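These notes concern the structure reproduced below.
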Amino acid sequence: MYVPIYYKWYELVPNKKYQNYWLILMDERILITLDEIRKYYGRPVTVNNWYWGGKFNSRGWREPFDPDGAELSQHKFGRAVDFTIAGISAETIRNDIRRGLFPLITCIEKDVSWVHIDVRNVKRLLEISGK
């Protein structure tokens, strides 16, 4: 079981109910990639911030009946996260992904102000529209 270096449970699941299960809810490829992203940019990566009173609670794993996103969203399988990094644009990060810096990523969302990554089962990088 992969245990991330830079992330705690409350950054990736929507509430305390999942505190003891977060590692089995998240795909290890996403956890590894999040650590690689944090290390590469050398800055905090914001997925969920509800724990500190912020508005984000479903940018990591989502409950099956969470109304955010598609019915079969990769978030609901623990294979996706949305995030931002202060001082680095989402497009800069997407360009780094396109250059192959984070090889486990198989899908990104374009045309949005945040970064969506996932590790769905495809052979090449997909770019889906955020609009």
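The values are calculated or read from the model by the stated rules, or taken from the named source; none is laboratory data. What you see is a predicted model, and the numbers here were worked out from it, not measured in a lab. Quick reminder, even Gly has a Cβ in these numbers, built from the backbone with ideal geometry, and neighbours come from all protein chains shown. Heavy atoms of the whole protein, side chains included, go into the accessibility calculation; ligands, DNA and RNA do not. Shrake-Rupley method; radii C 1.70, N 1.55, O 1.52, S 1.80 Å.
In what order, largest first, do 27, 35 sit by accessible area if the probe radius is 1.4 Å?
From most exposed to least exposed: 27, 35.
Taking a 1.4 Å probe, which of 52, 22 shows the most accessible area, and what order do the others take after it?
Greatest to least solvent exposure: 52, 22.
Scan the range 1-93 for trypsin sites (Lys or Arg not before Pro) in coil per DSSP, keeping those whose Cβ has at most 12 other Cβ atoms within 10 Å, and list them by number.
Loop-located and lightly packed - 8, 55.
Out of all DSSP beta bridges with both ends in the range 81-131, state the antiparallel percent to the nearest 5.
Rounded to the nearest five, the antiparallel share is 60 percent.
Could you state how much accessible area residue 5 has, in square angstrom rounded to the nearest 10, with a 1.4 Å probe and all protein chains kept in place?
120 Å²
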